[in-house]
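Presented below is the structure to which this report refers.
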Amino acid sequence: MWASTAGGAAALQRTDVGAIRPGMRADLALLDAPSHVHLAYRPGVPLVAQVRKDGAAVA
């Protein structure tokens, strides 16, 4: 989780992103799966429960 949030923001020297909390910008894909690994091993199975762009629901 750190590598895909705070670590990436630190590498880019960005302070407006990098944390999942109110007031921060965020694009998220929420999965209905016990692990992200299921994405690779369950092709064709709809595992994405919700998509958010800048915090607003898209799909």
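Throughout, read-outs are computed from the coordinates displayed, never taken from laboratory work. What you see is a predicted model; the values in this text were computed from it and never measured. We place every Cβ from the backbone using ideal geometry, glycine too, and count neighbours over all the protein chains shown.
A few points about this structure:
- Under the Karplus curve 6.51 cos²θ - 1.76 cosθ + 1.60, θ = phi - 60°, whole-Hz ³J(HN,Hα) for region 51-57, x wherever Gly or Pro sits: 10, 10, 10, 6, x, 9, 5
- Ellipticity at 222 nm from helices only: DSSP H runs of n ≥ 4 in the chain, each -39500 (n - 2.57), divided by the residue count, give -3500 deg cm²/dmol.
- Pairs of Cα atoms nearer than 8 Å and 6+ residues apart set the relative contact order; for the chain it is 27 percent.
- Correct choice for log10 I(q)/I(0) by the Debye sum over Cα atoms at q = 0.13, 0.16, 0.18, 0.21 Å⁻¹ that was computed from the model, options (i) -0.42, -0.61, -0.74, -0.90; (ii) -0.37, -0.56, -0.71, -0.94; (iii) -0.33, -0.52, -0.66, -0.91: (i)
- Using the Cβ of residue 27 as centre and a radius below 11 Å, the other residues enclosed give a net charge of +2, where K and R count +1 and D and E count -1.
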